[in-house]
Amino acid sequence: LDGRARGVFNGRVTVRRDAQRTDAHQTNKNLLLSEGAEVDTKPQLEIFADDVKCTHGAAVGQLGEDAVFYLRSRGLGEDAARTLLTYGFMSEIINGITVEPIRAQLDSLLMARLREARVAKEPR
């Protein structure tokens, strides 16, 4: 999330009483790219069965300044380093998509969005 964006995640996994041996995982990861961005995340498990394996979690963070520093020490500019790290965060999610045409389209959309964001930051 960038600018003054606000994200809201209300996730719920419901396991009915007759859904024994369910194995469910719910994760919500968020990357805040500006001071004005914020996210509210509320993962929930609603379990009515006894024999289940369910987990849930949430993470909210910013780009690591150590990672930015490392990339800058290798010759990348500040914006390029942040763009590369943002792409790395997002591609981890996109690479989990098993339908190749959808994964490729999302990757193309991500690349276009990151290019637009970099162009918008360039001085005119």
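Within segment 74-86, is there a residue that is hydroxyl-bearing (Ser, Thr, Tyr) and more than 17 Å from residue 3 (Cα to Cα)?
Among the residues of segment 74-86, not one is hydroxyl-bearing (Ser, Thr, Tyr) and more than 17 Å from residue 3 (Cα to Cα), which makes the answer no.
Please find, among 23, 40, the residue that is of a type in the set (Asp, Glu), under 24 Å from residue 86 (Cα atoms) and in contact with a strand residue (DSSP E or B) (Cβ under 9 Å, 6 or more places away or on another chain).
On the way: 23 fails: under 24 Å from residue 86 (Cα atoms).
One residue alone meets the criteria, 40.
Within segment 91-124, can you find the residues that are at pLDDT 85 or above and in contact with a Ser or Thr (Cβ under 9 Å, 6 or more places away or on another chain)?
107, 110, 114
Only one residue in 93, 102 is in a helix (DSSP H, G or I) and more than 20 Å from residue 29 (Cα to Cα). Which one?
102
Would segment 79-96 turn up any residue that is surrounded by fewer than 11 Cβ atoms within 10 Å (Cβ to Cβ) and either over 19 Å from the mean Cα position of the chain (by Cα) or assigned by TED's automatic domain parsing to the domain that holds residue 3 (or both)?
No, there is no match, as no residue in segment 79-96 is surrounded by fewer than 11 Cβ atoms within 10 Å (Cβ to Cβ) and either over 19 Å from the mean Cα position of the chain (by Cα) or assigned by TED's automatic domain parsing to the domain that holds residue 3 (or both).
Would you call residue 111 within 13 Å of the chain's Cα centre (by Cα), assigned to a helix (DSSP H, G or I) and either under 30 Å from residue 14 (Cα atoms) or not assigned by TED's automatic domain parsing to the domain that holds residue 4 (or both)?
In short, no.
Is there any pair with a first residue in segment 40-51 that is in the same structural domain as residue 20 (by TED's automatic domain parsing) and a second that is part of a strand (DSSP E or B) and surrounded by fewer than 11 Cβ atoms within 10 Å (Cβ to Cβ) whose Cβ atoms are under 6 Å apart and which are 6 or more apart or on different chains, and what are they?
40/8; 42/10
The values are calculated or read from the model by the stated rules, or taken from the named source; none is laboratory data. In this text the structure is predicted, and so the values were computed from the model without any measurement. Using ideal geometry, Cβ is built from the backbone for each residue, glycine included, and neighbour counts are taken over all protein chains shown.
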